[in-house]
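The values are calculated or read from the model by the stated rules, or taken from the named source; none is laboratory data. Only a predicted model underlies this, so the values are computations on that prediction, with no experimental measurement involved. Cβ placement follows ideal geometry from the backbone for every residue including glycine, while neighbour counts extend to all protein chains displayed.
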Amino acid sequence: MDVRAPGKRPFAKLTRSMKKSILVLASFLCSFAAFAQKRSVSITIDDVPNVRLFQEDGYSSKLLSKLDSLKIPVAIFVNEHNLRQTKPFDKNKNLLKTWLSKDFVTPGNHSYSHPNYGEIGFEAFSGDVLKGETLTKEILKGSGKKLDYFRFPFNAMGKDSVAHLKMQEFLVSKNYKNTPFTVESEDWLFTQLYEKALKSGDKKRAMEIGNQYVKLSLDRFAHFDSVSVVNFQRPVKQIYLCHDNRLNTDFLPVLVQKLKEQGYQMISLADAMQDPAYQSREYYHGNAGFSWLYRWMSDLNERKGLMLAEPENVEIHKAYEEMQKAK
Ligand SMILES: [Zn+2]
């Protein structure tokens, strides 16, 4: 006869392997519940425009052409200084005009020359923010689009809470919304190895790197959906951060397709930021550039544990380090 004393914990009687099975089942149910709820993501692209690729590709942006056919909303974060990196300036300016003219593109300021706020301080950084909007605003005049969004280079928001607040107030005074991100997958690192493989004619290796990028990205989405369930008991509307580079030209369409297959809806930045999660209090006041899903966590140990559990690609990191050493 099974007579349980009141208050006795049935879980305590189970064997270690039974407990493990229950935890696996719980996490499965959790991810199933997350899956059952609508998941969505806004794709955001930093360091636009890439004038080096533009020149290499005969003055066309292949990424932009791909996006034209993908028909998904994207937000772009512009560094106007990029237009000076190659010649002729007028052609580069026209490239920026083309990006901004697309209906599916939400414009954003990413500062003029991509400095690190935590390193250069308020005066220099706020000057760079304003310098970074000149041409974009001129181009947008009469288009019906407004330059509402700003994203910090390196997502570095200043070295302490005073610095955070000071720049936040400055941005608000200039009618900017500070743009967070929740998922990224080191595309800036993958692309350097990817381009190296392409340049050496090793298409097989390039393909491998591209596929690994897509895999890591999907793993990161799954990770940040679970972090989101820990924080908010539901998947938030994610904001994915990537860059204008060769890797995304070739593999962002693959990633988008896979995300759609997993039930993600592609939404605009404005739609994503309607999620009340983006009004959450931030508990991190340093200059590091990690996901907002971590910044919203009040428990430091919980945050550290989840950061350690974040999917990584160790092989790619090693290859990157070797490439840096060889330079
Ligand atoms: Zn950037």
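Listed values, structure above:
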quantity	calculated
Scope the range 143-168; condition away from the ligand (no atom under 16 Å from the Cβ) and either touching a Lys or Arg at 6+ places or on another chain (Cβ under 7 Å) or at pLDDT below 95 (or both); matching residues	Leu147, Asp148
Qualifying residue in the range 102-116 (condition: modelled with pLDDT of 95 or more and assigned to a helix (DSSP H, G or I))	no
Some residue of the range 88-98 being within 16 Å of the ligand (Cβ to nearest atom) and out of contact with any Asp or Glu (no Cβ under 9 Å at 6 or more places or on another chain)	no
Verdict on Asp271 being touching a residue at least 12 places away in the same chain (Cβ under 8 Å) and within 16 Å of the ligand (Cβ to nearest atom)	no
Extreme residue, nearest to the ligand (Cβ to nearest atom), among residues of the range 73-87 that are among the hydrophobic types (A, V, I, L, M, F, W, C) and out of contact with any Phe, Trp or Tyr (no Cβ under 7 Å at 6 or more places or on another chain)	Phe77
Helices (runs of 4 or more DSSP H) contained entirely in the range 125-244, each with at least 2 residues that are within 28 Å of Arg84 (Cβ to Cβ)	134-140, 161-173, 187-199
Residue that is surrounded by the most Cβ atoms within 10 Å (Cβ to Cβ) [pool: residues in the range 36-60 that are in a helix (DSSP H, G or I) and away from the ligand (no atom under 16 Å from the Cβ)]	Phe54
